[in-house]
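Chemist: Before anything else, here's the structure in question.
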Amino acid sequence: FVGEIKKKRTLIKRTLSKEKENAKKVETECPTLQQVEQYQGEWTFEETETCLNILLELEPLKESGLVTLEWPKGEKIRLNQHAGFGQFSMRIDRDNDWFGVTEQLKLDNNQVLEMKHLLSLLENTDSRFVEISDGQFIALTKNFRKKLSEMNTMLYQTKDGMRVHGLAAAGLEDFTSEVNELEVAKEWKQQVNRLKRARKMKTEVPSTFQADLRPYQLDGYQWLSQLAYWGVGACLADDMGLGKTVQGLAM
C-alpha cells in the first residue's frame, strides 16, 4: 500500500511471515504477556503494576526498533528509568552520639529524589514501581527495593533529617557496600573497622580458668568476647542447664 513517511509518498510492502516472527519474538521476550490471556493478538491489563512490568520488558525491544509504544490521549503512563545503587548517593556524618544520614537518588534530567521522600512513598506500597508524580513511575531494582526496606528499619527520622546509631553499622554493612557514591565520617569507619576486627577475633580461654568448656560453650564464649571487644552488650539465652554460668565465668 502507499502511505506518507516524513511527507513523502512511500510504497510499503508488508511481509506477513516476518510480522508473525517479530510478534512471536515480542511474546517470548515479555514473560508478563505470557501470564495474561489474549484475544486475537490483543492483551488487556487490569492492574497498573502489570502494565509497568510490560513496559519494563518492552524497553530493550523498543530500543532495537522491534516495537513502538503509542498512547491514547490522556492515558499516558511513563516509566522513566530503572533506579538502583548505581544512581544512589549516601553520606554519614557524626551527630553527637548518633550519625546523621543524607541520601539521594539521582534520576534522569538532573532530577534528584531525596531519600526521606522516597521512603515515605515506599511505605504505601509493596511494589518496586514508585509513582513520583502523576503517571510518572520509576522502577527500582529488586535488590535495591529489598535493601531499602531493610535499611529503613534502622533509621530514626527527626524534623532535621534521618539519623542512625553507630551500633547499626553491622545492619547497614550490606547496604553501604553497594552504594555507588558513599561518604562517611571517620568515626563511622572506626565503628565498621572495629566490627570487622571483632568478627575475626579468636580469644583463648584463660589458662587459669579451672573448667572445660564444651564446643557450643566455646562458641558462646567467643561470641561474648567479640561483642565485648566491639563494645556492645549481649543476651546469652541458652536453655536451662546448658552452662550459661560457666560461659559467663570464663568471660
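The values are calculated or read from the model by the stated rules, or taken from the named source; none is laboratory data. Keep in mind it's a predicted model, so treat the numbers as computed, not measured. Because the Cβ atoms are built from the backbone with ideal geometry, glycine has one as well, and the counts that use them run over all protein chains shown. To get the accessible areas, we keep the full protein, side chains included, count just its heavy atoms, and leave off ligands, DNA and RNA. Shrake-Rupley method; radii C 1.70, N 1.55, O 1.52, S 1.80 Å.
Chemist: Read through the list (1) among the hydroxyl-bearing types (Ser, Thr, Tyr); (2) at pLDDT 85 or above; (3) open to solvent by 20 Å² or more (accessible area, probe 1.4 Å), then give the number of the only condition that residue 127 fails.
Modeler: Exception for residue 127: condition (3).
Chemist: Could you look through region 174-183, keep only residues that are among the acidic types (Asp, Glu) and in a strand (DSSP E or B), and pick out the one that is most open to solvent (accessible area, probe 1.4 Å)?
Modeler: Out of the qualifying residues, it is 183.
Chemist: Looking only at region 200-209, decide whether some residue is among the aliphatic types (A, V, I, L, M), over 27 Å from the mean Cα position of the chain (by Cα) and at pLDDT below 90.
Modeler: Within region 200-209 (the criterion being among the aliphatic types (A, V, I, L, M), over 27 Å from the mean Cα position of the chain (by Cα) and at pLDDT below 90), the answer is yes, since at least one residue qualifies.
Chemist: A further question follows. Quick check, is residue 140 open to solvent by 20 Å² or more (accessible area, probe 1.4 Å) and touching a strand residue (DSSP E or B) at 6+ places or on another chain (Cβ under 6 Å)?
Modeler: no
Chemist: Here's something else I'd like to know. Just checking, how many residues over region 184-241 are polar (S, T, N, Q), open to solvent by less than 50 Å² (accessible area, probe 1.4 Å) and part of a loop (DSSP other than H, G, I, E, B)?
Modeler: Qualifying residue count for the region: 1.
Chemist: Another one. So which of 85, 99 ends up being within 15 Å of the chain's Cα centre (by Cα) and either exposed (fewer than 15 other Cβ atoms within 10 Å of the Cβ) or of a type in the set (Phe, Trp, Tyr) (or both)?
Modeler: 85
Chemist: Same structure, new question: Out of the residues in region 1-30 meeting the condition of being touching a helix residue (DSSP H, G or I) at 6+ places or on another chain (Cβ under 7 Å) and open to solvent by less than 80 Å² (accessible area, probe 1.4 Å), tell me which one is nearest to residue 78 (Cα to Cα).
Modeler: Here is the first cut: in region 1-30, the ones touching a helix residue (DSSP H, G or I) at 6+ places or on another chain (Cβ under 7 Å) are 26-27, 29-30.
Then keep just the ones that are open to solvent by less than 80 Å² (accessible area, probe 1.4 Å); that gives 26-27, 30.
Numbers: 26: 20, 27: 21, 30: 18 Å.
Applying the filter and picking the extreme gives 30.
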